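> Just passing along the structure, written as structure tokens.
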Amino acid sequence: MIEAHDLTKRFGSKTAVAGIDFRVEPGRVTGFLGPNGAGKSTTMRMIAGLDRPSAGSVTVNGRPYRQHTAPLREVGILLDAKAVHTGRSAYKHLLAMAATHGIGRKRVREVIELAGLESVANKRVGGFSLGMGQRLGIAAALLGDPATVILDEPVNGLDPEGVRWVRTLVRGLAAEGRTVLLSSHLMSEMAQTADHLIVLGRGRVVADASVDEVIARASGTSVRVRTPNLAGLNRAIAGPDVSVSTLDDGAAVVTGLSSEQIGDAAASAGIAIHELTALSSSLEDAYLSLTADEVEYRSTSVAPTPEEVAR
């Protein structure tokens, strides 16, 4: 388990992490999201003992990382896959790490096989592709068979087979009762992998809930409606918080009422309804909605969402 209490980090006058509280529970994959500059990397560095908090605390399995006598056996971390001696082979790199914790060669061979590195185990890491480097970083994180695993952008550079492998791996680790914290900018992948989300914005927690809850909160109430009497339906459902937008295909999007409320109003007015479809947001839509006011580095234009295109 990972627990943070009033966790704060300042760099001079800049506050990177502003008194956050969260808990990463075992037995589920927790996604760690946020725009660039939100404080994710700083938070993970504090979890790993690489940065000292300015205030507050963060513990892994009940202790600060620095207090674990055998940290590789407690928490496996991938923060930077490039942090490897490029002149060493993958096997020698893992063997050197294993020697620091009395981990045997058998386990080194196991994680090499697990990560699909058998064919390149004796090649120098400096010649690895980005994807193979990621696999080596994951193998290193799992070397001590830790109860807690933290992976920062683990699918970066991986091909589709590799992405699926990571997804299956982390869900399998969580199913074994381990604590898994996974950071990624790929919302589509996070939607398929994570059970729970912690979202940061400008150093603060803006969401700490299940994936379904995060999406539901951002979805609001939007319903696609098709009727031969749209004008009559407009009169039947008119209200201060209700809006109706006509689509090019003749249907309409109603916001402010649920499907049930629209259907009941249409029935009372004797209006035929041919379609009632509740519109839900994707995780990407929900994430962008949550962080809309939290982006520190913003491009000059943002592509419209599918609902905005429909309107």
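> Conditions first: (1) over 15 Å from the mean Cα position of the chain (by Cα); (2) in a loop (DSSP other than H, G, I, E, B); (3) surrounded by 17 or more Cβ atoms within 10 Å (Cβ to Cβ). Val17 passes all but one, so which condition is the exception?
Only one criterion in (1) over 15 Å from the mean Cα position of the chain (by Cα); (2) in a loop (DSSP other than H, G, I, E, B); (3) surrounded by 17 or more Cβ atoms within 10 Å (Cβ to Cβ) is unmet by Val17, namely (2).
> With respect to the numbered conditions (1) modelled with pLDDT under 85; (2) exposed (fewer than 12 other Cβ atoms within 10 Å of the Cβ), which one is the sole condition not fulfilled by Gly250?
Of the numbered conditions (1) modelled with pLDDT under 85; (2) exposed (fewer than 12 other Cβ atoms within 10 Å of the Cβ), the odd one out for Gly250 is (1).
> I need a count of the residues in region 50-83 that are in contact with a His (Cβ under 9 Å, 6 or more places away or on another chain) and either surrounded by fewer than 20 Cβ atoms within 10 Å (Cβ to Cβ) or assigned to a strand (DSSP E or B) (or both).
10
> Same structure, new question: Go through region 237-290 and give me each residue that's touching a Leu at 6+ places or on another chain (Cβ under 7 Å) and within 30 Å of Ala38 (Cβ to Cβ).
Answer for region 237-290, where residues must be touching a Leu at 6+ places or on another chain (Cβ under 7 Å) and within 30 Å of Ala38 (Cβ to Cβ): just Tyr287.
> It is to be established whether one or more residues within region 114-124 are touching a strand residue (DSSP E or B) at 6+ places or on another chain (Cβ under 8 Å), part of a helix (DSSP H, G or I) and either surrounded by 22 or more Cβ atoms within 10 Å (Cβ to Cβ) or of a type in the set (Val, Ile, Thr) (or both). Explain how you work it out, then say what you get.
First pass over region 114-124, keeping only residues touching a strand residue (DSSP E or B) at 6+ places or on another chain (Cβ under 8 Å): 121-124.
Right, trim to part of a helix (DSSP H, G or I) and you get none.
Taking every residue of region 114-124 in turn, none turns out to be touching a strand residue (DSSP E or B) at 6+ places or on another chain (Cβ under 8 Å), part of a helix (DSSP H, G or I) and either surrounded by 22 or more Cβ atoms within 10 Å (Cβ to Cβ) or of a type in the set (Val, Ile, Thr) (or both).
> For region 226-236, state whether one or more residues are assigned by TED's automatic domain parsing to the domain that holds Gly19 and of a type in the set (S, T, N, Q). Before you say what the answer is, go through the steps one by one.
Just the residues of region 226-236 that are assigned by TED's automatic domain parsing to the domain that holds Gly19, to begin with: none.
No, region 226-236 contains no residue that is assigned by TED's automatic domain parsing to the domain that holds Gly19 and of a type in the set (S, T, N, Q).
> Identify all residues within region 253-263 that are exposed (fewer than 15 other Cβ atoms within 10 Å of the Cβ) and either over 10 Å from Leu276 (Cα atoms) or touching a strand residue (DSSP E or B) at 6+ places or on another chain (Cβ under 8 Å) (or both); write none if there are none.
Across region 253-263, the qualifying residue is only Ser258.
> For region 186-282, please list each of the helices (runs of 4 or more DSSP H) lying entirely inside it that holds at least 2 residues being under 28 Å from the mean Cα position of the chain (by Cα).
187-193, 211-219
> Then there is this: Could you list, in sequence order, all residues of region 22-49 that are under 20 Å from Val166 (Cα atoms) and in a loop (DSSP other than H, G, I, E, B)?
Within region 22-49, Glu25, Pro26, Gly27 meet the criteria.
> Here's something else I'd like to know. Looking only at residues in region 26-52 that are of a type in the set (D, E, K, R) and touching a Ser or Thr at 6+ places or on another chain (Cβ under 7 Å), which one is farthest from Glu284 (Cα to Cα)? Steps first, please.
Taking region 26-52 and keeping what is of a type in the set (D, E, K, R), we get 28, 40, 45, 51-52.
The next check asks that each one be touching a Ser or Thr at 6+ places or on another chain (Cβ under 7 Å); those that pass are 40, 51.
Working: Lys40: 18, Asp51: 30 Å.
Among those that are of a type in the set (D, E, K, R) and touching a Ser or Thr at 6+ places or on another chain (Cβ under 7 Å), it is Asp51.
> Tell me whether region 91-101 contains one or more residues that are out of contact with any His (no Cβ under 9 Å at 6 or more places or on another chain), buried (at least 16 other Cβ atoms within 10 Å of the Cβ) and more than 20 Å from Val149 (Cβ to Cβ).
Here is the first cut: in region 91-101, the ones out of contact with any His (no Cβ under 9 Å at 6 or more places or on another chain) are 91, 94-95, 97-101.
Now restrict to residues that are buried (at least 16 other Cβ atoms within 10 Å of the Cβ): 91, 94-95, 97-98.
Going one step further and asking which of them are more than 20 Å from Val149 (Cβ to Cβ), we end up with 91, 95.
Looking for residues that are out of contact with any His (no Cβ under 9 Å at 6 or more places or on another chain), buried (at least 16 other Cβ atoms within 10 Å of the Cβ) and more than 20 Å from Val149 (Cβ to Cβ), one finds at least one in region 91-101, hence yes.
> Can you name the residue in region 157-210 that is polar (S, T, N, Q) and buried (at least 16 other Cβ atoms within 10 Å of the Cβ) and, of all such residues, is farthest from Glu284 (Cα to Cα)? Full working, then the answer.
First pass over region 157-210, keeping only residues polar (S, T, N, Q): 168, 179, 183-184, 188, 192-193, 210.
Going one step further and asking which of them are buried (at least 16 other Cβ atoms within 10 Å of the Cβ), we end up with 179, 183-184, 193.
On the way: Thr179: 24, Ser183: 14, Ser184: 12, Thr193: 14 Å.
If we take residues in region 157-210 being polar (S, T, N, Q) and buried (at least 16 other Cβ atoms within 10 Å of the Cβ), then Thr179 is farthest from Glu284 (Cα to Cα).
The values are calculated or read from the model by the stated rules, or taken from the named source; none is laboratory data. Values in this document were obtained by computation on a predicted structure and should not be read as measured data. All Cβ positions, even for glycine, are placed from backbone atoms using ideal geometry, and neighbour counts span all protein chains on display.
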